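Here's the structure, in structure tokens; my notes come after.
The values are calculated or read from the model by the stated rules, or taken from the named source; none is laboratory data. Bear in mind the structure is a predicted one, so any value in this text is a computation, not a measurement. Counting neighbours? That spans all protein chains shown, and the Cβs are built from the backbone with ideal geometry, glycine included.
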Amino acid sequence: MKMDTNPRQSASLGMYGLFMATCRREFSLSFRRKSDLVNPLIFFLMVATLFPLGVSPEPGFLAQLSPGVVWVAALLATLLSMDALFRSDYEDGSLEQLLLSPQPLFVVVLAKVIAHWVMTGLALTLMAPLLGVMLFLPAEGMPGLMMSLLLGTPTLSLVGAIGAALTVGLKKGGVLISLLVLPLYIPVLIFGSSAVQAAVTGLPLGGYLALLGALLALALALAPLAISAALRISISS
Amino acid sequence: MSEPLLTVQKLFCERDDRVLFNQLSFALAAGEIVQIEGQNGSGKTTLLRILSGLSRNYEGEIFWRGTPVAEVREQYCREMLYFGHQAGVKSVLTPEENLRWYAALSPMIDAAAIPEALEQVGLRGFEDVPCHSLSAGQNRRVSLARLYLSRAPLWILDEPFTAIDKRGVAAKEQLLLQHAQRGGSVILTTHHELGIQGPVRKINLDQLAGTSA
Amino acid sequence: MAEKKWMPRWFYQLASPRWCYQITGKLLPWFTAAALVLLVGGTVWSLAFAPADYQQGNSFRIIYLHVPSAILAQSAYMLMAVAGAIGLIWKMKVADMVLKSAAPIGASMAVLALVTGAIWGKPTWGSWWVWDARLTSMLILFFLYLGVMALNSAIENESTAAQASAVLALVGLVNIPIIKYSVEWWNTLHQPATFKLTEKPAMPVEMWLPLLVMVIGFYCFFAVSLMQRLRNEIIWRERRTGWVRELLNKQ
């Protein structure tokens, strides 16, 4: 008796269905464990607070520093949240099942990273004006700040996910991820903070945003590949 | 005799300076149940991980329906169900949500049959309870519910009866037998004495270990 | 695994650690001799006989160490990434071992480039460090090396560690042009573009010839170090095979 091995029409959700199901799952997982959501944002705020405390609260000085400081804080907050991307799935065995799915891995990976970005990077972007105010960022710089973060943080999430995938099998992945990923973050940091600087001084932003967009496009195209390869490698031992 | 589903040829694997198995060859036909036996640490889990495709740390060839597995990866993943050491169940989600996720991952799983499957594993009434409120045994049963949902012919099960009570074990054994009678195949490892009323082939890794290089 | 073989035969021969061990054993004395001759000769030439730069005087001579080490640091990274790619695609153990061996050498070259760059900077602008484009890029390259080395040592399983490092090295490779471009651009934004650390106007022959000798000498030195580390790595990884046991018993 031959088994019916053809996928049923009703059962086959296809790649789009898998993408949406994964996003929904990620959101459910995070919203039920609210601390995961909020911690990076608190960290973001705290890091920005360190600068006036550690250096000088003088408005003129802080205003000069603010584009870079907000960007560095966003970068570090994103980095901090990356370790959790695959770790829980690895620990309860879901990651194995994910890798054995006949559907292309990059769909799930992309969904996870995008969901993660919505909850971290996008949240940071929305919170950024608050930090801008605390650090005396001139009002002209705010739109530039938000646009540069909007374009830059997805790249940070994508590249950070590569580090997370490479270290998911290790027990203490946290600091190692930072070591692996920080050099790769530098171009985004440079263009992102320069975009804000340009906005503050009234210069046109277009070029910087285009560059950030190009980096994002490159990351969208290549990172899922690297992440999938890294996940398969990490789980194979 | 129909073509064997899964063929393994001259499989070699070593880990931590120890050769786990060498020159391991066997073929699995439709309707067969194979039990991999061996002491703890003899490589049973490693073998199952290699067969499922999770681990690439081996030498030798594996064929699915006559074609090398590497060439038909997608088809193989579609037609195989792997049950590993860990339940693969998210504790924050409910059993139903967990199973819906599996249905999205694999087209061979019929999402409409989820409530029935949960009933079959004795979790009726628990569909909406988050899995962290369930016991370890109940969590494993959530994952085992996939066996009732999947139409994949090959089942690779690593210690499927852990934390399941005697009655549950008997029910699952019955399920395995039915699957084999329908033309499916099973490879499993278990510490339990299998009480399946049917032929179960055994491959003992301890006996096979250390054959000539 | 039945695969189409599109590379020449010697490529697949390279896959045998034993063959590699033997061939590196034969090549090692030649490269060592070449490295010694070129490095010693080049150093003497550059220190004693090459003309001093009219602007920077004798401190300019550090360029004979700085430029070769910078070139080597970059080439070593490419070699490492290519070896990693070969290891991933063709699953060659030797390629993995080359990656693991090349990383520390490349990292040391990067450190040398940074230190010599700093030494060059001190008499010229009076500070040990300056955030110019070349030095900053070299620093980031050093971080990339450290990342690969850290990942390789963090994962216990050797083949998994090699594959993971290979992926990281390739990701780094793709990023290097982006990083260089962005750092250069950042540099022009924040510093007047008048003075560049390693600005090389058309050099007279007496200057670039010893430089060339030093560069080739450095390459030979790199080859020697790589081969030695590779041989060690081969012996260690293949320690349980027959031919290694024989080799060790003979000694």
request  = Assess whether B:ALA70 counts as being surrounded by fewer than 20 Cβ atoms within 10 Å (Cβ to Cβ) and at the interface with chain A (Cβ under 7 Å from one of its Cβ atoms).
outcome  = no
Pairs, first touching a residue at least 60 places away in the same chain (Cβ under 8 Å) and within 9 Å of chain B (Cβ to nearest Cβ) in region A:21-44, second hydroxyl-bearing (Ser, Thr, Tyr) and crowded, with 16+ Cβ neighbours inside 10 Å, C-beta under 8 Å, six or more apart = none
task = Would you check if A:LEU166 is facing another protein chain (nearest Cβ under 10 Å), of a type outside the set (S, T, N, Q) and surrounded by fewer than 24 Cβ atoms within 10 Å (Cβ to Cβ)?
result = no
request  = Inspect region C:136-150 for any residue being assigned to a loop (DSSP other than H, G, I, E, B) and over 25 Å from C:SER225 (Cα atoms) and give the result as yes or no.
outcome  = no
ask   = Which residue, of B:TYR102, B:TYR76, B:TYR82, is within 10 Å of another protein chain (Cβ to nearest Cβ), touching a strand residue (DSSP E or B) at 6+ places or on another chain (Cβ under 6 Å), assigned to a strand (DSSP E or B) and surrounded by 17 or more Cβ atoms within 10 Å (Cβ to Cβ)?
value = B:TYR82
query = Is it true that some residue in region A:54-67 is touching a residue at least 60 places away in the same chain (Cβ under 8 Å) and buried (at least 20 other Cβ atoms within 10 Å of the Cβ)?
reply = yes
request  = Take B:ILE114 and decide whether it is part of a helix (DSSP H, G or I) and of a type outside the set (Gly, Ala, Ser).
outcome  = yes
request  = Among the residues of region A:99-131, count how many are more than 10 Å from chain B (Cβ to nearest Cβ) and farther than 18 Å from A:ALA161 by Cα.
outcome  = 7
ask   = Mind checking which pairs have a first residue in region C:1-28 that is at pLDDT 75 or above and a second that is among the hydrophobic types (A, V, I, L, M, F, W, C) and part of a loop (DSSP other than H, G, I, E, B), Cβ under 8 Å, 6 or more apart or different chains?
value = C:ALA15/C:MET92; C:CYS20/C:LEU14
request  = Six or more apart or on different chains, Cβ under 8 Å: which pairs go from a residue in region B:7-24 that's loosely packed, with under 15 Cβ neighbours inside 10 Å to one that's of a type in the set (Lys, Arg) and not in a strand (DSSP E or B)? Could you list them?
outcome  = B:ASP17/C:ARG240
request  = Tell me which of these C:SER108 doesn't satisfy, since it passes every other one: (1) under 11 Å from the mean Cα position of the chain (by Cα); (2) among the small types (Gly, Ala, Ser); (3) surrounded by 19 or more Cβ atoms within 10 Å (Cβ to Cβ).
outcome  = (3)
query = If A:PRO204 passes every condition in (1) over 17 Å from C:LEU168 (Cα atoms); (2) in a helix (DSSP H, G or I); (3) more than 10 Å from chain C (Cβ to nearest Cβ) but one, which one does it miss?
reply = (2)
key: The one condition in (1) more than 7 Å from every other protein chain (Cβ to nearest Cβ); (2) among the aliphatic types (A, V, I, L, M); (3) over 30 Å from B:GLN9 (Cβ atoms); (4) without any contact (Cβ under 8 Å) to a residue 12 or more places away in the chain that B:ALA112 fails to fulfil   = (1)
task = Tally the residues that are part of a loop (DSSP other than H, G, I, E, B) and more than 10 Å from chain A (Cβ to nearest Cβ), restricting the search to region B:25-57.
result = 8
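Okay, residues lined up against (1) closer than 30 Å to C:ALA162 by Cβ; (2) among the hydrophobic types (A, V, I, L, M, F, W, C); (3) facing chain C (nearest Cβ under 10 Å):
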position: A:LEU176; (1), (2), (3): yes, yes, yes
position: A:LEU180; (1), (2), (3): yes, yes, yes
position: A:LEU211; (1), (2), (3): no, yes, yes
position: A:LEU220; (1), (2), (3): yes, yes, no
position: A:ALA226; (1), (2), (3): yes, yes, yes
message = Among the numbered criteria (1) touching a Pro at 6+ places or on another chain (Cβ under 9 Å); (2) away from chain A (no Cβ under 14 Å); (3) surrounded by fewer than 19 Cβ atoms within 10 Å (Cβ to Cβ), which one does B:LEU176 miss?
response = (3)
